[in-house]
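We did not get these values from a lab; they are worked out from the coordinates using the rules stated. Owing to the predicted nature of the structure, the values given are computational and were not obtained by experimental measurement. Ideal geometry is used to build each Cβ from the backbone, glycine not excepted, and the neighbour counts take in all protein chains shown.
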Amino acid sequence: MHRRTFGAGVLAALGTAGCSSGPHISRYNGPPVTSVVVNKGARKLYLLNDSNVLREYRVGLGFAPIGHKQIEGDGRTPEGSYLIDRRNPRSQFHLSLGISYPNTADRAYARALGASPGGDIFIHGEPNDRSDRRRASRVQDWTAGCIAVRNDEIEEIWAMVNNGTLITLRA
């Protein structure tokens, strides 16, 4: 009897843990996202199908958003054309989609300065850590160079944008 009760309890706990753990990602069945455009000045991210805007999001940027990212730690968000090249479902920022920064030119420029170009630039959600989330909510541009959106928005972007999608970041 105890074994059966224990087993049922374990199954119930695992079932509810599965329901509440991790993000809820819906399937997207609309037109494919052919490119992503970030307008840094307007603090907007657009998902496009050719020239048609499918979705628009308000974004936060690096803590020093003006200008192209040049070296690690400068707080800037890159400018230029890159690719969405990876996904991190276990990100410290809810979910994240990787951007292929730095490219060859970015690495060469930083090397000429005797510095590292940095890396790990993502489109991501809010911090998972509660105190980091509170701190981030106080300012518009709080990342180290990434593009931040709300958690429900990164879930939608995650579902819509495939690896290999072009992303253009404009001043």
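Within a Cβ distance under 11 Å of Thr77, other residues only, what is the Lys/Arg minus Asp/Glu net charge?
+2
Can you tell me what share of the DSSP beta bridges in the stretch 30-170 is antiparallel? A percent to the nearest 5 is fine.
75
How many nm is it between the label spots at Glu79 and Lys44, if each spot is 7 Å from the Cα in line with the beta carbon?
1.8
Show the residues, 5+ positions off or on another chain, whose built amide H is closer than 5 Å to the amide H of Ile147.
Here Phe122, Ile123, His124 satisfy the definition.
Taking trypsin sites (Lys or Arg not before Pro) as exposed when DSSP calls them loop (any state but H, G, I, E, B) and at most 15 other Cβ atoms lie within 10 Å, what is the longest stretch of the chain free of them, the sites themselves excluded?
It runs 28-89.
If you wrap the stretch 97-171's Cα atoms in a convex hull and average its projection over all directions, what's the area in nm²?
Result: 6.4 nm².
With n ≥ 4 as the cut-off for DSSP H runs, can you work out [θ] at 222 nm for the chain, using -39500 (n - 2.57) per run divided by the number of residues, rounded to the nearest 500?
Computed mean residue ellipticity for the chain: -8500 deg cm²/dmol.
Starting from the Cα of Leu166, step 7 Å along the direction of its Cβ; do the same at Ile25; then give the gap between the two resulting points in nm.
2.5
Provide the three semi-axes, in whole Å and in decreasing order, of the ellipsoid equivalent to the chain as defined by the square roots of 5 times the Cα gyration tensor eigenvalues.
So the three semi-axes of the chain are 34, 20, 15 Å.
Could you work out the relative contact order of the chain? I mean the mean sequence separation of Cα pairs under 8 Å and 6+ apart, divided by the number of residues, in percent.
The value is 29 percent.
Would you work out the charge dipole size for the chain about its Cα centre, treating the Cβ of every Lys and Arg as +1 and the Cβ of every Asp and Glu as -1, and quote it to the nearest 20 debye?
420
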